[in-house]
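Nothing in this text is a laboratory measurement; each read-out follows from the coordinates by a stated rule. None of the values given here were measured: they were computed from a predicted structure. Because the Cβ atoms are built from the backbone with ideal geometry, glycine has one as well, and the counts that use them run over all protein chains shown.
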Amino acid sequence: MKTRLLNWPWLLAMVAWATVDPAQAQEPCECDLVKPMPKGYGIAPETIAFEERDAREMIQTLVKPFARQPNIIARPFSCANVSAVAKLCDTSGRSFIFYNKGFFTNLRDKTRRGDQFVLAHEVAHHLLGHTTRAYYMAWEEGQQEALKASAGTITIPQRHLHELEADALGLWMVIKQGATRANIEAIFRVLPKLLHIYDINDNKDPLHPSFAMRELYMKRQFDKLTNPTYLRRYLATNQRAMDHPPGLDDDDPNPIRRDTESFYAFHLMTAKRELLQKLTNSERVMRDSLTRRARLSVEIVGGIRYIQPSLSVDNEPVATSPFMSLVGGGRVGVGAWYKPHRFEADLLLGPQAFTTQARFGDRLLTTERFLSWYLHVRPRYVLNALTREAPNRYATQLWMLTAGPSLTVPLAFKYDNYGLIPAQTPTQQASLGLVAGAGYGVSNWRSQAGHYRLWLLYQLQPLRFAPLTTSQTSQSILHTISLEASFRFW
């Protein structure tokens, strides 16, 4: 069987890299070739007459590892500007793969195992339920509308994701048949040139990812699928998705989709000049939508603080009491959260209170009480470090370091003196200090929301008062340790 597969005289299937132009078609194409199935029969006689039986045998070899093995019918044809496509033509449940024999003959002559890969890709469309969705939801109409950037959401067309998902599953099937990295790289070098012969320009097709993006994804998938440890995990998490395709009413939240979304969005957002030149027009629209929302962020911040005052009068330390309080506010960030360097500014509001004590005999008594409400303005530099597997995961973890100045502006101040000698009420002034710390975040590659971060910060803040008519000199510093959580909503 293996020798038979390698020397097949034609290639069977190809991703839906092309669509039919009715004005140019010279004969019926795709589902136009399929006769209605007579009631009570398994497959229409007209279908059997045209089916390539050896192609069916080849398909069965590819789907053998799966519990759910669809009944896929391969049909050759010679239609203008069509390479191949997987289709569901009616409600009977029959799955078809239509292919151009001339196209596949040329592909086979130029690269090894191309027939297996393109066939496996089309089979993957059926296994993952893509053709079912296409038939019942008719998504191919109005794809251009789906590409328009929305103020509230980031849209990656479902068709793009389906093509990449089928690439991933199809790759696994041909790896099972012995395909090497060199085989896959050769296929992707040949396909763009061959498609142009058939007047099919994939890089201008709004319904499909660019060849450059697909080849990048395939190289990464090859490394993962040839790693025994990853392969066991991949099969365990994706088997149910492949055996039970998503229903028409759900959001298709299978592991293959999550992995594909994260990879696609990540490489669109981080594309350098060489890759940018190879993106399709629709991918550039998506990239603009993704990066525009990555340039500016707004977060809600809340946390708890531990404050330890350090006071001295005439170089003599004064006993003080620590204080714990809540803090809350907002945060504005500039720069993409996934890049190494970023700038943020915090606007936080919270109380601070402490007391001073003096010893009277053998007792320590409270002599003063300070209660203030502050506005904290903290512009900070942030250094991000993504975890090693971050680009390949839907939920991405990152570690962060930060440092910057901290401006504390008093909004309200209350002072109580419990001493025997009446004292003047001091006037508090704004002060400038420093803040530094480390953080941990969980983010989503393709969403402007859903970013959660946790910071552990240390703030050194002088406590400044207007000079009093006294000969005493005093120094006051607040040491603040805070644990702050934030949620990004833009």
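In angstrom, the C-alpha Rg and Dmax of segment 293-488 are 20.2, 68. Each residue in 362, 223 was given a count of other beta-carbon atoms within 10 angstrom of its own, and listing them fewest first yields 362, 223.
Among the listed pairs 101/278; 219/278; 64/193; 110/224; 176/272, those whose Cα-Cα separation exceeds 24 Å are 101/278; 64/193; 110/224; 176/272. Only Cα pairs under 8 Å and 6+ residues apart enter the sum, and on that basis the relative contact order of segment 293-488 stands at 22 percent.
Highest-first packing order for the peptide set 339-347, 121-129 is 121-129, 339-347, based on the mean count of other beta carbon atoms within 10 Å. In segment 293-488, a dipole from Cβ-located charges (positive for Lys and Arg, negative for Asp and Glu) runs towards its positive end, and of 300, 354, 365 it is 300 whose Cα lies farthest in that direction.
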